[in-house]
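The values are calculated or read from the model by the stated rules, or taken from the named source; none is laboratory data. Remember, it's a predicted structure, so these values are computed and weren't measured experimentally. Positions of Cβ are generated from backbone atoms using ideal geometry, with glycine treated the same way; all protein chains shown enter the neighbour counts. Note: areas computed on protein heavy atoms with side chains; ligands, DNA, RNA excluded. Shrake-Rupley method; radii C 1.70, N 1.55, O 1.52, S 1.80 Å.
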Amino acid sequence: MALMTANEYIESLRKLNTRVYMFGEKIDNWVDHPMIRPSINCVAMTYALAQDPQYAELMTVKSSLTGHTVNRFTHLHQSTEDLINKVKMQRLLGQKTASCFQRCVGMDAFNAVYSSTYEIDEKHGTHYHENFKKFLTFVQDNDLTVDGAMTDPKGDRSKSPSQQADPDMYVHVVERRADGIVVCGAKCHQTGSINSHWHIFMPTIAMGEADKDWAVSFACPTDAEGMYMIYGRQSCDTRKLEEGADIDVGNAKFGGQEALVVLDHVFIPNEYIFLNGEYEFAGMIVERFAGYHRQSYGGCKVGVGDVVIGAAALAAEYNGVEKASAVKDKLIEMTHLNETLYCCGIACSSQGAPTKAGNYQIDLLLANVCKQNVTRFPYEIVRLAEDIAGGLMVTMPSQKDFNSDTVVGRNGETIGEICNKFFAAREGVSTEDRQRILRFLENMCLGAAAVGYRTESLHGAGSPQAQRIMIARQGNIQGKKQFAKDIAGIV
């Protein structure tokens, strides 16, 4: 099958029987729901750019499995150049959507599970690697979007999966049959889950022997029987439900999406199982996936940061302060922080190396340094953007007020005329354009888009402490001590 177009992707979602719930009710036509459709548009952009001759070389690549041209989001990295191009692609999409385009988690899961299953089979004589290769070939041939599902609710975090009062706090096997397994549990914070054709489920922590029923990885279709989604709320999300509020929404076309994914006795056939009780490999999958996903943030968050910087510069221009030295300095600082993140993404990619399975893995230490910086720098970029924009970003009247013909003034002025008068921009810039850029910044810094930029920068791909743990493991303090001993003459 050829690469899908954006429209073909959207239409393919309509063919699924995905069960979606929001505000306590089942959403039947979720593809066209105003709160969900912007996130679908983001994924659609990954298909649209692959069809664009200007970007096709970056967005597509030859499959190592079939030799066919595939979307890079379904690719197994074959070189450091592939790893670098991944980051460049993610920056491009961030620039085009100013939001989360949701296919990164699946791509990172592909590469983590591919190399891990090879090593599981090597030790246990299982057939997980062949299972996975057949599954990924199917994904590539059909140009599917696959969600990578890792984060369990965890319950009492002081206890392991097997010690939980409720075993469903981690996804686990409840029945093993000759033809497959039955699983229960949930994955939370799942980016792009509703917009995906399939899911890959992975463990979320390293496990011990007592946790073997929770050491499970598998693929299943998003509309599998027993699987359903509860849509996650975002700040200012119901503005998308208001009529004539495209300015108030901020970014009316694109947006991110998260959901709680529930597995209620879902049957998984043997051919889609990639880990089933080999508990000692749970940590490997987690570590490799986390490394790839922490690299991803050196691309996607940088692309979104480019848009935030551009919006802040426009706000300064519309306010007539773009030449002020303090404003120039803030924009320089924002650019410096953003490019530093990009440097980290490129660095961990360029230092990548092949796994036993043959696909390339990033430098884990540098990937964790990348994500550690991402937990901090976007917050400062957003702070500076808010500083430049001014308080009107969060106190401005609604779009309906600006359009209102209700008379309030002594001389017959309407509410709309009053708003347009007192919130006018510099000469040559319309009040509406100023409205639009301020609402856009509000959305990026505080609203729905902040979920996929600011807050996700902190918690996505693991909390800041998770990276610090990995930095401690990978930092080779003993080796550094030896360097000092050698030079200082200490035996």
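Using 0.36 nm per residue of separation minus the Cα-Cα distance, give me the extension gain between residue 482 and residue 210 in nm, one decimal. If you can, show how the numbers build up before the last one.
Values: separation 272, 0.36 × 272 = 97.92 nm, distance 3.88 nm.
In short, 94.0 nm is gained.
Select one label from (i) 203; (ii) 182; (iii) 152: the one whose number is volume of the Cα convex hull per residue in Å³ as derived from the coordinates shown.
(ii)
What's the whole-number percent of alpha carbon pairs in region 352-470 lying beyond 24 angstrom?
Values: 3588 of 7021 pairs.
Value for region 352-470: 51 percent of Cα pairs lie more than 24 Å apart.
How big is the charge dipole of region 330-464 about its Cα centre, in debye rounded to the nearest 20, if each Lys and Arg gets +1 on its Cβ and each Asp and Glu gets -1 on its Cβ? Can you show the working numbers first?
Working: 13 positive and 15 negative charges, 63 e Å.
Dipole about the Cα centre, nearest 20: 300 debye.
If you find the alpha carbon centre of region 234-271 and of region 87-142, how far apart are they in angstrom?
If we compute the Cα centre of each part, the gap is 23 Å.
Keeping every protein chain present and rolling a 1.4 Å probe, give me the accessible area per residue for region 314-448 in Å².
On the way: 6480 Å² over 135 residues.
Counting only protein heavy atoms, the per-residue value for region 314-448 is 48 Å².
Looking at region 247-340, which trypsin sites (Lys or Arg not before Pro) are in a loop (DSSP not H, G, I, E or B) and have at most 11 other Cβ atoms within 10 Å?
Working: sites: 253, 288, 294, 301, 323, 328, 330; in loops: 253, 323.
Here the sparse-neighbourhood loop sites are 323.
State, as an integer percentage, the relative contact order of the chain based on alpha-carbon contacts under 8 Å between residues 6 or more apart. Could the numbers behind the result be given before it?
Numbers: 948 pairs, mean separation 88.7, N = 491.
Relative contact order here is 18 percent.
Among 63, 478, 298, which residue has its Cα positioned farthest towards the positive end of the charge dipole of the chain, with +1 placed on the Cβ of Lys and Arg, -1 on the Cβ of Asp and Glu, and the dipole taken about the Cα centre?
The residue sitting most towards the positive pole is 478.
If you roll a 1.4 Å probe over the heavy atoms of the protein chains, what accessible area per residue do you get for region 76-186, in Å²?
Averaged over the residues of region 76-186, the accessible area is 35 Å².
Say R0 is 45 Å: what FRET efficiency, to the nearest 0.05, do residue 238 and residue 127 get from their beta-carbon distance?
On the way: r = 48 Å, r/R0 = 1.07.
Calculated value: 0.40.
Quick one: ranking 260, 93 by accessible area, 1.4 Å probe, largest first, what do you get? Present the calculation step by step, with values, prior to reporting the outcome.
On the way: 260 60, 93 0 Å².
Descending accessible area places them as 260, 93.
Rg and Dmax of region 160-285, using alpha carbons, in Å: what are they?
Computed over the Cα atoms of region 160-285, radius of gyration and Dmax are 17.6, 57 Å.
What cysteines in the chain have no other cysteine with a beta carbon less than 4.7 Å from their beta carbon?
42, 100, 104, 184, 188, 220, 236, 300, 343, 348, 419, 445
Only Lys, Arg, Asp and Glu count, each charged at its Cβ (+1, +1, -1, -1), so figure out the dipole size of the chain about its Cα centre, rounded to 20 debye. Numbers along the way, then the final one.
Values: 49 positive and 59 negative charges, 238 e Å.
The calculation lands at about 1140 debye.
Multiply the residue separation of residue 411 and residue 182 by 0.36 nm, subtract the distance between their alpha-carbon atoms, and state the gained length in nm to one decimal. Present the calculation step by step, with values, prior to reporting the outcome.
Working: separation 229, 0.36 × 229 = 82.44 nm, distance 7.26 nm.
Additional length available on full extension: 75.2 nm.
Modelled label-to-label distance, residue 395 and residue 23, 7 Å Cα→beta-carbon offset: nm?
3.1 nm
How far is the Cα center of region 432-453 from the Cα center of region 459-491, in Å?
Region 432-453 and region 459-491 have Cα centres spaced 39 Å from each other.
What FRET efficiency would be calculated for the residue pair residue 253, residue 79, taking the C-beta separation as r and a Förster radius of 30 Å, to the nearest 0.05? Before the final figure, lay out each step's value.
On the way: r = 35 Å, r/R0 = 1.15.
That pair, residue 253 with residue 79, gives E of 0.30.
Once you list every other residue whose beta carbon is under 14 Å from the beta carbon of residue 26, what net charge do they have if Lys and Arg are +1 and Asp and Glu are -1? Write down the numbers at each step before the final one.
Details: positive: 19; negative: 25, 28, 223.
Result for the neighbourhood of residue 26: -2.
If each of residue 332 and residue 5 carries a label point 7 Å out from its Cα toward its Cβ, how far apart are those two points in nm?
With each label placed 7 Å out from Cα toward Cβ, I get 4.8 nm.
How big is the charge dipole of region 393-491 about its Cα centre, in debye rounded to the nearest 20, if each Lys and Arg gets +1 on its Cβ and each Asp and Glu gets -1 on its Cβ?
On the way: 13 positive and 10 negative charges, 171 e Å.
Once rounded to the nearest 20, the dipole reads 820 debye.
Take the alpha carbon gyration tensor of region 244-335, find the square roots of its eigenvalues, order them as a ≥ b ≥ c, and report rounded if a/c is under 1.5; if not, report prolate when a/b exceeds b/c, else oblate. Provide the component values of the computation, followed by the final result.
Numbers: a/c = 5.63, a/b = 2.17, b/c = 2.59.
Taking the square roots of the gyration eigenvalues as a ≥ b ≥ c, region 244-335 is oblate.
In square nanometres and to one decimal, what's the mean projected area of the convex hull around the Cα atoms of region 415-467? Before the final figure, lay out each step's value.
Values: hull surface 20.6 nm².
So the mean shadow area of the Cα hull is 5.1 nm².
Mean residue ellipticity at 222 nm from the helices of the chain, using -39,500 (n - 2.57) per DSSP H segment of n ≥ 4 over the full residue count, to the nearest 500 deg cm²/dmol?
That comes out to -15000 deg cm²/dmol.
With a 1.4 Å probe and all protein chains left in place, how much of the accessible area of the chain comes from carbon and sulfur atoms, in whole percent? Each step should come with its number before you reach the end.
Working: 10510 of 20410 Å².
Here it works out to 51 percent.
Solvent-accessible area per residue for region 1-48 at a 1.4 Å probe radius, Å²?
Per-residue accessible area for region 1-48 comes out at 46 Å².
Which of the GluC sites (Glu not before Pro) across region 400-486 are loop residues per DSSP, with 10 or fewer other Cβ within 10 Å? Write out the running numbers ahead of the final one.
Values: sites: 413, 417, 427, 432, 442, 456; in loops: 413, 427.
Sites meeting the loop and neighbour criteria: 427.
So how much accessible area does residue 380 have, in Å² to the nearest 10, using a 1.4 Å probe?
60 Å²
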